[in-house]
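Heads up: the structure comes next, in structure tokens.
The values are calculated or read from the model by the stated rules, or taken from the named source; none is laboratory data. As the structure is a prediction and not an experimental result, all values here were calculated from the model. For neighbour counting, all protein chains shown are included, and Cβ atoms are generated from backbone atoms with ideal geometry for every residue, glycine included.
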Amino acid sequence: MNTKEIAKNIFYVGVNDRQKALFENLWPLPTGVSYNSYLILDEKNVLIDTVDVCYSDMFLKKIEEILAGRSLDYLIINHMEPDHAGSIRLLRQLYPQVQIVGNAKTFDMLKGYHGITDGLYEVKDSDTLDTGSRKLSFHTAPMVHWIEVMFTYDPKEKILFSADAFGTFGALNGGIIDKDTNINPYKEEIVRYYANIVGKYGNFVQKTMQKVSALDFKTVCSAHGPVWRQHLPEAVALYNHLSRYEAEEGVTVIYGSMYGNTEQMADIIACSLSENGIKNIVVHNVSKSHASYMLADIFKYKGLIIGSPTYCNQLYPEIESLLSKIEIREVRNRLFGYFGSYSWAGAAVKKLSSFAEKMNWEVVAPPVELRQGLLSESEEGCCALGKAMADSLTGKK
């Protein structure tokens, strides 16, 4: 069994999912995902969260193996989302005496999802639970990223069990603790995970980060991805960076194109960005790139340029869908440029203008609008748009 003692008498009992294609049936999982759970052995034995019900058999065997006939006294629920809470009912059947620890909002969801209303141990913010040699404390983290979320802190080992916070996509390929694995893929996936799953709730993340900064934690055990210890300062800094909607110098260029005209505009803009000193340039064809990766780049880079043809007097459908996802996440503080094309009646540029107003972003230059084929004046406009974005990013404007 793939269990690991991550600190004295604290065991990782999570599982890997390399079967699921889409997380939340939305976001690609090319390298899988882990569902993390942790078992603390003490005078009172404590489990923190469960796993997706699809992996309950493997999960419950791990717990039985480590307990070796001892009782399971408490189940702490940090987060009720089904990928973490899916096995609660089966766990309760195996350990009917287990007390379930959570807050009032947790218990409302516990009733709704599993019909469980008894054997509950309610805690509030900063309450503690004595397990023998430990006094665990609980810290509410609402909207990081559900309303009932809380963190659990073990002051003895200085471990923060952080629910989905600091989580990443990607299965754990042998190593559980960051020092035991190549952490570089997870550094990329923490950005994509944040942008896709948590991104809307930057203000709430900031409040929670300020709250838990008073705790002397040296290890973070998230519900997805590696245990952060050696690279913990980097993970915390990145979370602060993302939740403040800060970004690197760079530009994400996203376009939709039916016959290649809007695509040519995107290429000219990208070349202009490069010629004017921007090195971090990512270009996405909205019909090929999944929104998951485009959102990650939008969170990563300060500049965003979007182009769309007019389609049935509307935006190109995949562009419209992406704009909705950006708007939902309330991404702030971006420099914006836009361009469009049409054959007989233009609408895309007007709609992109309305989107910029909604987002309250700084528009770096007038839009470029192409009627039918690419002409020299359109090329000049694209070059000017690229230069204006570069100048705004580098402070030349």
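Data overview
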{"item": "Residue check, Phe11 aromatic (Phe, Trp, Tyr), within 29 Å of Asn184 (Cβ to Cβ), surrounded by fewer than 24 Cβ atoms within 10 Å (Cβ to Cβ) and free of Cβ contacts under 8 Å to residues at least 60 places away in the same chain", "result": "yes"}
{"item": "Residue within the range 192-215 that is modelled with pLDDT of 95 or more and not in a helix (DSSP H, G or I) present", "result": "yes"}
{"item": "Every residue from the range 196-226 that is among the small types (Gly, Ala, Ser) and in contact (Cβ under 8 Å) with a residue 24 or more places away in the chain", "result": "Gly199, Gly202, Ser222, Ala223, Gly225"}
{"item": "Flag for Glu189 being in a helix (DSSP H, G or I) and within 26 Å of Tyr55 (Cβ to Cβ)", "result": "yes"}
{"item": "Helices (runs of 4 or more DSSP H) within the range 294-397 that include 2 or more residues more than 33 Å from the chain's Cα centre (by Cα)", "result": "376-394"}
{"item": "Those residues of the range 324-344 which are touching a residue at least 24 places away in the same chain (Cβ under 8 Å) and either charged (D, E, K, R) or out of contact with any strand residue (DSSP E or B) (no Cβ under 7 Å at 6 or more places or on another chain) (or both), in sequence order", "result": "Lys325, Ile326, Glu327, Ile328, Arg329, Glu330, Val331, Arg332, Asn333, Arg334, Ser343"}
{"item": "Filter pass, Ile305 being crowded, with 16+ Cβ neighbours inside 10 Å and out of contact with any Cys (no Cβ under 9 Å at 6 or more places or on another chain)", "result": "yes"}
{"item": "Residue ID - nearest to the chain's Cα centre (by Cα), chosen from residues in the range 49-65 that are surrounded by fewer than 19 Cβ atoms within 10 Å (Cβ to Cβ) and touching a residue at least 60 places away in the same chain (Cβ under 8 Å)", "result": "Lys61"}
{"item": "Residue within the range 31-45 that is surrounded by 20 or more Cβ atoms within 10 Å (Cβ to Cβ), touching a helix residue (DSSP H, G or I) at 6+ places or on another chain (Cβ under 6 Å) and part of a loop (DSSP other than H, G, I, E, B) present", "result": "no"}
{"item": "Any hit, the range 177-197, residues being among the basic types (Lys, Arg) and buried (at least 18 other Cβ atoms within 10 Å of the Cβ)", "result": "yes"}
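For (1) β-branched (Val, Ile, Thr); (2) at pLDDT 90 or above; (3) not assigned by TED's automatic domain parsing to the domain that holds Leu29, each residue gets a yes or a no:
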site	(1), (2), (3)
Leu315	no, yes, yes
Glu327	no, yes, yes
Ser343	no, no, yes
Val364	yes, yes, yes
Arg371	no, no, yes
Leu375	no, no, yes
Gly386	no, yes, yes
